[in-house]
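Accompanying notes for the structure given below.
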Amino acid sequence: MLEAQEEEVTRLGTGVWVRKMMLKTGVLGCVAALLAVAAPVRAGYMMSVTSGGASSASVLPGDSITLQIAMTADASETHNSAIFRVMFSNPGLRYMGYLWEAPYLNGTFDDDSKPLGGSLPVVLDDLTLSGVGYPADVVDVEMSNVLPIGPNFGSGIVASMTFEVPFDYTGEGEIQIALAPDQIALNGQDVETRTGGVFTLVIPSPGVSAVALLVGAFGVSGRGRRSSMPEVGLRGRRGVRP
C-alpha cells in the first residue's frame with residue numbers, strides 16, 4: 001500500500017496528491033498519509049537472552065552459566081550505541097563477568113557498564129544498580145557501550161554474561177532473567193527495540209537433586225515451588241552519547 005502511495009505522489013505531483021487526499025480523508029488523514037510516505041521504514045531490533053540457544057537451564061550451586069544477549073534485525077539495520085538493563089526476579093547470583101562482541105570494545109572509556117568488569121565478581125542484589133534514574137527494589141545490572149567510529153553493529157550476539165550460583169546460595173529455586181532496552185541508537189537517533197521472552201534459571205539444591213534421583217527410581221512425583229518475575233519498571237536512565 002505504501003509503495004502504491006509513493007507511485008501516486010510521483011505520478012500526480014505532491015500538490016495534486018495532497019489536494020486529492022484532503023478531499024478523500026480530510027486534513028488529519030492527509031497529514032498521516034503524507035508522513036507515512038515521507039518517513040523511512042525501519043524494522044528495528046528484537047533483543048533476546050538465551051544460553052546456547054535455550055531459554056532455560058538448570059544450574060547447581062557452585063556451577064556457572066553464560067548467557068548470550070542477541071540482537072536480530074533486518075540486514076540493513078545497524079547501531080553504534082547500546083544501553084540496556086538485565087533484570088533478575090531474585091537476588092543471590094554472583095556476577096562473574098561480561099564480554100562485548102566486536103566491534104564493541106571491553107574496558108575502554110566507551111564501556112560504561114555498571115558494574116564495570118574491573119569490579120567483578122559481585123553478588124547481585126537490589127543495590128547493585130541504584131541511584132537517580134534507576135528503579136528502586138529491582139535486582140539489575142546495566143550494559144552500556146558506544147562505538148566512537150565505524151564500523152557499526154548489525155545483528156547477532158552483542159554481549160555475553162557469566163553468572164555463578166554460590167555454594168551457599170539459599171534463595172529461590174527459580175530466577176527469571178529479562179531485558180529492558182534503554183537506548184539502542186544510531187548516531188544519536190533511537191532505533192526501535194523490542195524484547196523476547198524471559199530466561200528461566202532453575203537452581204536445585206544438592207538435597208533436592210538427591211531426592212530427584214530417588215523419585216526417578218521409585219516413580220514418586222511432586223510439585224516444586226515456582227517464583228514469578230516481579231513487576232518492575234522498564235523506564236531507565238536515558239544515556240547521553242556524543
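Please go through the range 76-131 and give me each residue that is β-branched (Val, Ile, Thr) and not in a loop (DSSP other than H, G, I, E, B), ordered by number.
Those that are β-branched (Val, Ile, Thr) and not in a loop (DSSP other than H, G, I, E, B): Ile83, Val86, Val122, Val123.
When Glu164, Glu101, Glu142 are checked against the criterion of being of a type in the set (D, E, K, R), closer than 16 Å to Ala180 by Cβ and out of contact with any Cys (no Cβ under 8 Å at 6 or more places or on another chain), Glu142 stands alone in meeting it. Given the condition without any contact (Cβ under 8 Å) to a residue 40 or more places away in the chain, more than 26 Å from Leu147 (Cα to Cα), in the same structural domain as Leu179 (by TED's automatic domain parsing) and among the small types (Gly, Ala, Ser), answer yes or no: does some residue in the range 54-61 qualify? For the range 54-61, residues without any contact (Cβ under 8 Å) to a residue 40 or more places away in the chain, more than 26 Å from Leu147 (Cα to Cα), in the same structural domain as Leu179 (by TED's automatic domain parsing) and among the small types (Gly, Ala, Ser): present. Taking the range 149-210 and the strands (runs of 3 or more DSSP E) fully enclosed by it, the elements with 3 or more residues that are buried (at least 16 other Cβ atoms within 10 Å of the Cβ) and touching a strand residue (DSSP E or B) at 6+ places or on another chain (Cβ under 9 Å) are at 156-164, 174-186, 199-202.
The values are calculated or read from the model by the stated rules, or taken from the named source; none is laboratory data. For clarity, every value in this text was computed on a predicted model and none was experimentally measured. Because the Cβ atoms are built from the backbone with ideal geometry, glycine has one as well, and the counts that use them run over all protein chains shown.
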